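**Q** A single structure is presented below for examination.
Values in this text are rule-based calculations from the coordinates and carry no lab data. The structure displayed is predicted, hence computed values, not measured ones. With ideal geometry, Cβ positions are generated from the backbone for all residues, glycine too; neighbour counts draw on all protein chains shown.
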Amino acid sequence: MARACIRFLRNGEPVTLTDVPPMQTLLDYLRLTQRKTGTKEGCNEGDCGACTVALGSIRNGALVYEPVNACIQLMGQLDGKEIITVEDLDGNHPVQTALVKHHASQCGFCTPGFVMSLFTLHEKAAKQTRAGVNEYLAGNLCRCTGYRPIVDAALEALNTPPAPRDAAALAALQDAQDIFIGDDESFIASPASLDSLAEIYESFPDATLVAGATDVGLWITKQMRTLPRLIFLNRVRELQALHDGPDGLEIGAGVTYEQAEEAFSALHPDMARLLWRIGSKQVRASGTIGGNIANGSPIGDTPPALIALGATIELRKGSHTRRLKLEDFFIAYGKQDRQPGEFVSRIFVPKINAKASFHAYKISKRFDQDISAVCGAFHFAADGPRIAFGGMAATPKRARKTEAALAQGLEAALAALAEDFTPLSDMRASAEYRLETARALLKKALMERDGLALTQTRVLAAREVVL
């Protein structure tokens, strides 16, 4: 029998909620229900970091804290978690002390978010360089102080080891029980197993699946949609599994970018570079690989690379599963090869042959926190090239005519790109810019394949090398 409540810790104290509106965000709960206004509302879309809080989880038996954007974190995601906000620190935490010492706050609006991001970094108890701190704070914006004193404070605070924390209270909240709050018309469901997910989604195929809410959260806060039936995926054990085998990666659809970073980095450095460009630490701690695929966005960052690598996905509806090439999943804008009640359960990514070469590039107006204008991925292997782009069509798409034309030479391949794609103009880039950029990326990939050093083809930010 499902339980009709969510349970979590607030700074070590257990909380049980039985009345949870499906679309309620953590930020609204903190500010409007608890009247804890230290957590600020800035952009309300997960960009500025003013609303950052620390979310504690039990992972592989250890207590882990990660920064999340409370403005797009939904309450249904929080069962079995610990929430720590700036009010829960005593004012003498090493991060707070160092920020005061280095005069790292002026208007103060952004400061709680910086404090909580740095709190999670401090809890990692790992040495960091200045470049590493800069990368960690990429999702926290300050318009008054300037980042130098903030980073100085961070480096000093990291010299003090974190206080020991007991995971027992949080471990006691972990269970394998399904959650259902509400009725058939409006509910929060949080299944604990793949079978339970398949059963409830088949019963309510019009419900919205929520993994990290980095997209769905904006449907609520920016598009003002009404989403009465929400099924949360973060407690489905099978969706959180990641297996690195001899032939490739098997990734549960609920694995976050942060959790996949090590495996993707081992697969190829360009996969790591691509992940570093996706959002911020807050976004990567919540957003999932499966969600980036299942939402079908034409500008999703991972699908072009995964298509170029020959990835396949597993879909499930009820007790039936099927496998599909990722490139065949995307049919048209907003339409995927997915039946009502069917969901993405796993992604399979083949290993890259030692004799093959792989290259992935993201082009955007800002280095951090920006959506792709063009995302290109190139895989040159013995069985032929695989080239895929995002931002060039209504879906992430493979450039089949360009691949075939490569046998005739570079000029033929460059010309074929205009046959593969008819890009649109929008606020991010013109159609002409997108096509010329795609051609430039193809040239770059071929030069790198033929041995030209990356230092001659790329502008490498220091953090990319350090991290």
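**Q** Percent of Cα-Cα pairs per 5 Å bin, from 0 to the last occupied bin, for region 358-408, please list those.
**A** 5, 20, 25, 22, 15, 8, 4, 1
**Q** When ranked by the protection proxy of mean other Cβ atoms within 10 Å per residue, highest first, what sequence do the peptides 43-54, 310-321, 66-77, 358-369 form?
**A** 66-77, 43-54, 358-369, 310-321
**Q** Thr321 versus Arg237, label points 7 Å from Cα toward the beta carbon: distance in nm?
**A** With each label placed 7 Å out from Cα toward Cβ, I get 1.5 nm.
**Q** How much of the pair distance distribution for region 312-467 lies past 19 Å, counting alpha-carbon pairs only, in percent?
**A** The calculated P(r) of region 312-467 puts 61 percent of pairs beyond 19 Å.
**Q** If the only charges are +1 at each Lys and Arg Cβ and -1 at each Asp and Glu Cβ, what is the size of the charge dipole of the chain around the Cα centre, to the nearest 20 debye?
**A** 1020
**Q** How large are Rg and Dmax for region 201-257 when only the alpha carbon atoms are used, in Å?
**A** Gyration radius and largest Cα-Cα distance of region 201-257: 14.2, 45 Å.
**Q** Taking R0 as 45 Å, what FRET efficiency do you get between Arg366 and Ala172 from their Cβ-Cβ distance, rounded to the nearest 0.05?
**A** 0.55
**Q** Which log10 I(q)/I(0) values does region 1-238 give at q = 0.10, 0.16, 0.17 Å⁻¹ under the Debye formula, counting every alpha carbon as one identical point scatterer?
**A** -0.48, -1.13, -1.24
**Q** Counting helices only, and only those DSSP H runs with n ≥ 4, report the 222 nm mean residue ellipticity of the chain as the sum of -39,500 (n - 2.57) divided by its residues, in deg cm²/dmol to the nearest 500.
**A** Result for the chain, helices only: -8500 deg cm²/dmol.
**Q** Of all trypsin sites (Lys or Arg not before Pro) in region 198-272, which ones are in loop regions per DSSP and have a Cβ with at most 14 other Cβ atoms within 10 Å?
**A** Listed in order of number, the matching sites are Lys222, Arg225.
**Q** Something else: Quick test of the membrane-span-like rule: which DSSP H helices of the chain reach at least 24 Å along their long axis (C-alpha atoms) with mean Kyte hydropathy at least -1.0?
**A** Those that clear 24 Å and a mean of -1.0 are 431-449.
**Q** May I pose another question? Out of every Cα-Cα pair in region 62-162, what percent are more than 18 Å apart?
**A** 45
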